[in-house]
Amino acid sequence: MKTVLLIRPSKGGHETHLRRILEKVEDGERLGLEEAVRLYECDDLLLLGQMANKIKGKKSANRIYYIVNRHINYTNICKNRCRFCAFSKEENQDGGYAMGVEEVLAEAEGVVEQGATEIHIVGGLHPQLGLDYYLKMLSCLRERFPSIHLQAFTAVEVAHIAERAGLSVKDTLKELVQAGLDSLPGGGAEVFSPRIRKELCPDKLSGKDWLAVMRQAHKLGLRSNATMLYGHLETPLERIKHLLALRELQDDTGGFMSFIPLAFHSDNTFLRGLPRTTANLDLKTLAISRLLLDNFPHIKAFWVMLGVKLAQVSLSFGVDDIDGTVIQEKITHSAGADTPEELSVEELVALIEEAGREPVERDTLYRKVIRPEGKLGPDWHIEN
Ligand code: V47
Ligand code: SF4
């Protein structure tokens, strides 16, 4: 059944274009670059939200997914030193750290006992850590916690590990999988635009190579997420091209699970002084992502970066996933995020229900998690 969405006359006189876009969305047709540009120009935020939520509704009905997880940032020492990053340190710089495998295990221990189903592991590009370190970390975690999902190492880290080991990306991924890797997180994508990468992260893996690592991972059967860092120096067109590049790869592989736009925080970075992203830009970016990425099953609002309140509002802007308990995320908090370090399951569920949505606990692969008597703890299973 078609729902009537009202188009409010807008200053720019874009009503005709918007009406056409709306019709395409209604008919399930794919939107192109020109249309995405119109959407970024549209000042009717609620209309964008309504359109995006229609798509979200078709994909996941009234469900909003969350996960009980923990982030472990095993090292902040990084040879790249991206200009937007407040987390990384030079080798031997004060505050630099690299966790031993036992420390990683100890960090995981408590949360697995508390019922986490996923450990999300990312870190800097440490110039000294070799393939053995990563393999040992994964195999020890796998041995100690057989049913936990290990989502680890961005495409940028994978390329770095491969280069240091003198192996191809394919062989590196195979070794990591054999040691226990289950999926890849979506970090390191930033904005694919060579202009922005040259300006902000000249030493980082190029956008083209980020996509190539993901293509390879998907070919091997690994699933992954994808991100976009926005709200720094990029233009709307550069954001749109980033989204379209992801959509093109997803057409070929189908390996992406969720897309997560990451709102830039400038504190303690070379870009300090740049204001925080506005609520308008955050919601617009989520809604446009939902509208353009028609082949991505899920759009995730990462509350750590968005703020808890806006993450709740985003549930009416095409989002169907609010990430999870997270626990001890360091990358955004180093850059001035004033969100809490973790949210409890009760808090997550309450904010989803208050928004009129149905909370569903998922595992990393979006399967429903069942907990006996609804109690958090190590005793859980996946719905058949
Ligand atoms: O790659 C770095 C970004 C990413 C800043 O896959 C910053 O489910 C904001 O990718 N302000 C790491 N962002 C985090 C990440 C992620 C987070 C949550 C879920 C998933 C997932 C992935 O954080 C980096 C970079 O793009 N970042 N510095 C900053 N100052
Ligand atoms: Fe290193 Fe990642 Fe920070 Fe860039 S964003 S400096 S690659 S830790």
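What's the number of the condition residue 177 fails, among (1) within 16 Å of ligand 2 (Cβ to nearest atom); (2) surrounded by fewer than 23 Cβ atoms within 10 Å (Cβ to Cβ); (3) β-branched (Val, Ile, Thr)?
So residue 177 meets the others, but not (1).
Looking only at segment 97-133, count how many residues are touching a residue at least 40 places away in the same chain (Cβ under 8 Å), in contact with a Phe, Trp or Tyr (Cβ under 7 Å, 6 or more places away or on another chain) and farther than 19 Å from residue 379 by Cα.
The qualifying residues number 3.
So which residues in segment 74-94 are touching a residue at least 60 places away in the same chain (Cβ under 8 Å) and near ligand 1 (Cβ under 9 Å from one of its atoms)?
Of all residues in segment 74-94, those touching a residue at least 60 places away in the same chain (Cβ under 8 Å) come to 74, 76, 79-87.
Listed by number, the residues that qualify are 82, 84, 85, 86, 87.
Given the criteria on the phi < 0 side of the Ramachandran plot and at pLDDT 95 or above, does residue 186 qualify? Walk me through how you get there before you give the answer.
Working: on the phi < 0 side of the Ramachandran plot: yes; at pLDDT 95 or above: yes.
Yes; evaluated as a whole, the condition is true for this residue.
Does residue 66 satisfy the criteria of being modelled with pLDDT of 95 or more and away from ligand 1 (no atom under 16 Å from the Cβ)? Reasoning before the result, please.
Working: modelled with pLDDT of 95 or more: yes; away from ligand 1 (no atom under 16 Å from the Cβ): no.
Considered against the rule, which asks whether it is modelled with pLDDT of 95 or more and away from ligand 1 (no atom under 16 Å from the Cβ), residue 66 comes out as no.
Identify the residue in segment 70-95 that is of a type in the set (Gly, Ala, Ser) and touching a strand residue (DSSP E or B) at 6+ places or on another chain (Cβ under 9 Å) and, among all such residues, is nearest to ligand 2 (Cβ to nearest atom). Please lay out each step first, then the result.
Residues of segment 70-95 that are of a type in the set (Gly, Ala, Ser), as a first pass: 86, 88, 95.
In the following step, the residues that additionally are touching a strand residue (DSSP E or B) at 6+ places or on another chain (Cβ under 9 Å) were identified as 88, 95.
Numbers: 88: 4, 95: 13 Å.
That would be 88.
Residue by residue, here is whether (1) surrounded by fewer than 23 Cβ atoms within 10 Å (Cβ to Cβ); (2) within 10 Å of ligand 1 (Cβ to nearest atom); (3) at pLDDT 80 or above holds:
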position	(1), (2), (3)
306	no, no, yes
312	yes, no, yes
318	no, no, yes
321	no, yes, yes
327	yes, no, no
331	yes, yes, no
335	yes, yes, yes
341	yes, no, no
345	yes, no, yes
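Take the residues of segment 1-30 that are in contact with an Asp or Glu (Cβ under 8 Å, 6 or more places away or on another chain) and aliphatic (A, V, I, L, M): which is modelled with the lowest pLDDT?
Looking at residues that are in contact with an Asp or Glu (Cβ under 8 Å, 6 or more places away or on another chain) and aliphatic (A, V, I, L, M), I get 7.
Just the residues that are within 16 Å of ligand 2 (Cβ to nearest atom) and of a type in the set (Phe, Trp, Tyr), please, taken from segment 298-344.
If the condition is that a residue be within 16 Å of ligand 2 (Cβ to nearest atom) and of a type in the set (Phe, Trp, Tyr), then 302 is the only one that fits.
So, in segment 26-55, how many residues would count as being part of a loop (DSSP other than H, G, I, E, B) and not aliphatic (A, V, I, L, M)?
If we filter segment 26-55 for residues that are part of a loop (DSSP other than H, G, I, E, B), which is where we start, we get 27-32, 42-44.
Still in the running and not aliphatic (A, V, I, L, M): 27-30, 32, 42-44.
Qualifying residue count, segment 26-55: 8.
Go through (1) under 29 Å from residue 336 (Cα atoms); (2) within 16 Å of ligand 1 (Cβ to nearest atom) and name the single condition residue 148 misses.
(1)
Please name all residue pairs, on different chains or six or more residues apart, with Cβ atoms under 9 Å, provided the first residue is in segment 317-330 and is hydroxyl-bearing (Ser, Thr, Tyr) and the second residue is modelled with pLDDT of 90 or more and part of a loop (DSSP other than H, G, I, E, B).
325/68; 325/116
Can you list the helices (runs of 4 or more DSSP H) lying wholly within segment 152-266 that have 1 or more residues being under 27 Å from residue 41 (Cα atoms)?
Values: elements: 155-165, 169-179, 194-200, 207-219, 236-253.
Helices (runs of 4 or more DSSP H) meeting the threshold: 194-200, 207-219, 236-253.
Which one of the conditions (1) in contact with a strand residue (DSSP E or B) (Cβ under 6 Å, 6 or more places away or on another chain); (2) under 24 Å from residue 129 (Cβ atoms); (3) surrounded by fewer than 24 Cβ atoms within 10 Å (Cβ to Cβ) does residue 257 fail to meet, given that it meets all the rest?
(2)
Only one of these is under 29 Å from residue 384 (Cβ atoms) and of a type outside the set (A, V, I, L, M): 323, 267. Name it. Please lay out each step first, then the result.
Working: 267 fails: under 29 Å from residue 384 (Cβ atoms).
Of 323, 267, the one residue that is under 29 Å from residue 384 (Cβ atoms) and of a type outside the set (A, V, I, L, M) is 323.
Report, by residue number, each residue of segment 208-236 that is within 14 Å of ligand 2 (Cβ to nearest atom) and either without any contact (Cβ under 8 Å) to a residue 60 or more places away in the chain or in contact with a strand residue (DSSP E or B) (Cβ under 9 Å, 6 or more places away or on another chain) (or both).
Within segment 208-236, the first condition is being within 14 Å of ligand 2 (Cβ to nearest atom), and the residues that meet it are 209-210, 213, 227-229, 232.
209, 210, 213, 227, 228, 229 - these are the residues of segment 208-236 that are within 14 Å of ligand 2 (Cβ to nearest atom) and either without any contact (Cβ under 8 Å) to a residue 60 or more places away in the chain or in contact with a strand residue (DSSP E or B) (Cβ under 9 Å, 6 or more places away or on another chain) (or both).
Filter segment 141-174 down to the residues that are among the charged types (D, E, K, R) and within 16 Å of ligand 2 (Cβ to nearest atom) and list them by number.
Of segment 141-174, the ones among the charged types (D, E, K, R) are 142-144, 157, 163-164, 170-171, 174.
If the condition is that a residue be among the charged types (D, E, K, R) and within 16 Å of ligand 2 (Cβ to nearest atom), then 157, 163, 164 are the ones that fit.
The values are calculated or read from the model by the stated rules, or taken from the named source; none is laboratory data. None of the values given here were measured: they were computed from a predicted structure. Glycine gets a Cβ as well: all are built from the backbone with ideal geometry, and neighbour counts include every protein chain shown.
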